[in-house]
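The values are calculated or read from the model by the stated rules, or taken from the named source; none is laboratory data. Please read all numbers here as calculations on a predicted model, not as lab measurements. Heads up, the Cβs are rebuilt from the backbone with ideal geometry, glycines too, and the neighbour counts pull from every protein chain shown.
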């Protein structure tokens, strides 16, 4: 038997994906339902000379991750709703100071302490707008163990390529369910290393001067280019600057480097979506139920399809607009009060044909619930 | 290397008010580093938010100006990732002990090899003179206009109780002593804390009728007594300066590296 085939939880697959991507630093704080990530990496990192630390809270966890990343290590933290709230300030710091890092949020019911052991997708808009100030962010998700592995690797690749925090939004169901996973061989999936400056020691290095493609080569702490890193508005030296020209350049760079690449960062799966009269749009655990519904309807000859989103931010507006235009009706299936439905209605040409199919009681939205909603949308009653 | 070689002259003048004590601390800290002859590439200086924390921008080191209260958490990540680097963490009193109090206690308890410098001016200077954890009972602040209801936190006692393995206090008046204590703190293998009293004539001094910078420094001179001195019995305003704690305990990163070494697969296992 191939030893690389394993039966893993989503959270464990995230650990494997992170290690495959080259993770060498993890800081975290225990919180349900994400704790398996910390426990897994506490065991796995020391034998490969990686660093693991349990911090005093989630604030400290993300701060430690950012500090470690500046020395050149690929770094990650993992949490759930309440911890994600505490991390928002440091997420903004990572955006502003352009520090690569991955933040995993295994979503549970909220608000507040909410339902620690139950599933939810309630943090989708928090991932987008949780930290203060105008900014752009990248957030991925996954609906099965194999994709958790793949999207974890992709989260590191985007983070390292574009010097930005990347959020991986899992949920309690995907985090805790077990599926077969074949760990890819080395080289099978691309693993991106961050861009390092080639500027010689004797020449001034500008850590915040973007190249034409928007990427910024880094110089690590401990190397010979000493520079300043700050959360204040700054100039190309990384020194605090509040002159309008510097601030304007910085703001457009920070937002543009992400939002101008929305389709480059877009990952999705079409499940018989090309000819669908009724298009379901879903992601994470709820996409599994939506897929089951697609199969049921197709067996009866109804043209129902599913667009499964794996990139939530930047929102793949062009993709969603195009798919919605092909369908007569669109139903967004999610476990919140319509956080992605709102985005779909925003980009669809006819928002009145976009319906929300949701469940927010702590249980996984099941095929029967979706089935019933679709019958109403079709005008067939219950 | 000359003292000015440690300064990013490109980014001067600094933002501190005339008479502020922070510049004296910066100059003393640079002289301590210079005397220890630590290469600039091997020093990371991480600070938080406030007047004190702007020190990092002016120094030609690897510098990290973090979030309010979070300097020690960022520094912990840096140190864990690259234990060979010297990591020095200058913070203000509110920064280190109000918003950053939790990180401070746990950095002490871990005994991770960081050098925490608490620039204690007994107020929030950047925001204009609000009450800080180090403001004394009855003293004035813009948010304690009728006198502080609380008591000044004794950072030396907190650091000792939490497990810091090097704890010292000095003032910007006592610059030669301060330099020696900073040198010992940087060399100490473990978590070290140096509290430095520094004057804020603009806010704390003005609100409490402490006079100008010279008068405030003179007050430091007249009220500082050596650690263990009986002179404090005569005048409760007197405070001890010098070394309070200097002990050896396992350092966090060193303990981690022992585990890494123990777990490393031995070459001969595959033979």
Q. Can you find even one residue in the stretch B:71-91 that is over 28 Å from residue B:248 (Cα atoms) and either buried (at least 23 other Cβ atoms within 10 Å of the Cβ) or at pLDDT 95 or above (or both)?
A. no
Q: Working only within the stretch B:1-59, note down all residues that are assigned to a loop (DSSP other than H, G, I, E, B) and out of contact with any helix residue (DSSP H, G or I) (no Cβ under 9 Å at 6 or more places or on another chain).
A: B:13, B:37, B:39
Q: Test each condition in (1) more than 15 Å from the chain's Cα centre (by Cα); (2) more than 13 Å from chain A (Cβ to nearest Cβ); (3) buried (at least 24 other Cβ atoms within 10 Å of the Cβ) for residue B:17 and report the one that comes out false.
A: (3)
Q: Mind listing whichever residues of the stretch A:211-232 are buried (at least 17 other Cβ atoms within 10 Å of the Cβ) and more than 10 Å from chain B (Cβ to nearest Cβ)?
A: A:216, A:217, A:218
Q | Failed item, numbered, when residue A:36 is tested on (1) closer than 20 Å to residue B:110 by Cβ; (2) more than 7 Å from chain B (Cβ to nearest Cβ); (3) touching a strand residue (DSSP E or B) at 6+ places or on another chain (Cβ under 7 Å) | A | (1)
Q. Just a yes or no: is a residue in the stretch A:330-346 surrounded by 21 or more Cβ atoms within 10 Å (Cβ to Cβ) and over 29 Å from residue A:114 (Cα atoms)?
A. yes
Q: Those residues that are surrounded by fewer than 24 Cβ atoms within 10 Å (Cβ to Cβ) and at the interface with another protein chain (Cβ under 7 Å from one of its Cβ atoms), I need them from the stretch B:101-110; list them, please.
A: B:102, B:106
Q: Report yes if some residue within the stretch A:74-92 is farther than 18 Å from residue B:67 by Cβ and within 9 Å of chain B (Cβ to nearest Cβ); otherwise report no.
A: no
Q | Identity of the residue in the stretch B:111-132, farther than 22 Å from residue B:181 by Cβ and not in a loop (DSSP other than H, G, I, E, B), that ends up farthest from the other protein chains (Cβ to nearest Cβ) | A | B:130
Q. Going through the stretch B:34-67 one residue at a time, which ones are out of contact with any strand residue (DSSP E or B) (no Cβ under 7 Å at 6 or more places or on another chain) and either surrounded by 24 or more Cβ atoms within 10 Å (Cβ to Cβ) or within 16 Å of residue B:125 (Cβ to Cβ) (or both)?
A. B:49, B:54
Q: Quick one: residue A:207 ticks every box in (1) modelled with pLDDT of 95 or more; (2) part of a loop (DSSP other than H, G, I, E, B); (3) touching a helix residue (DSSP H, G or I) at 6+ places or on another chain (Cβ under 9 Å); (4) under 22 Å from residue A:75 (Cβ atoms) except a single one, so which number is it?
A: (3)
Q) Quick check, is residue B:98 surrounded by fewer than 24 Cβ atoms within 10 Å (Cβ to Cβ), in a helix (DSSP H, G or I), more than 8 Å from chain A (Cβ to nearest Cβ) and within 17 Å of the chain's Cα centre (by Cα)? A) yes
**Q.** Enumeration of residues in the stretch B:219-251 that are within 21 Å of residue B:24 (Cβ to Cβ) and exposed (fewer than 13 other Cβ atoms within 10 Å of the Cβ)
**A.** B:221, B:222, B:226
Q. Inside the stretch B:24-44, can you point out the residues that are at the interface with another protein chain (Cβ under 8 Å from one of its Cβ atoms) and either under 16 Å from the mean Cα position of the chain (by Cα) or closer than 15 Å to residue B:3 by Cα (or both)?
A. B:40, B:44
Q. Are any residues in the stretch A:254-301 surrounded by 16 or more Cβ atoms within 10 Å (Cβ to Cβ), over 23 Å from the mean Cα position of the chain (by Cα) and free of Cβ contacts under 8 Å to residues at least 40 places away in the same chain, and if so, which ones?
A. A:272, A:294
Q: Name the residue, out of B:222, B:195, B:240, B:215, that is assigned to a strand (DSSP E or B), over 30 Å from residue A:42 (Cβ atoms), away from chain A (no Cβ under 14 Å) and out of contact with any helix residue (DSSP H, G or I) (no Cβ under 6 Å at 6 or more places or on another chain).
A: B:240
Q: Test residue A:66 against the stated conditions and say whether it is in contact with a strand residue (DSSP E or B) (Cβ under 7 Å, 6 or more places away or on another chain), crowded, with 24+ Cβ neighbours inside 10 Å, closer than 17 Å to residue A:162 by Cα and not assigned by TED's automatic domain parsing to the domain that holds residue A:311.
A: yes
Q: Pairs only if they're at least six apart or on different chains, beta carbon under 7 angstrom, first in the stretch B:45-58 and at the interface with chain A (Cβ under 8 Å from one of its Cβ atoms), second surrounded by fewer than 24 Cβ atoms within 10 Å (Cβ to Cβ) and assigned to a strand (DSSP E or B); list them, first residue then second.
A: B:57/A:240
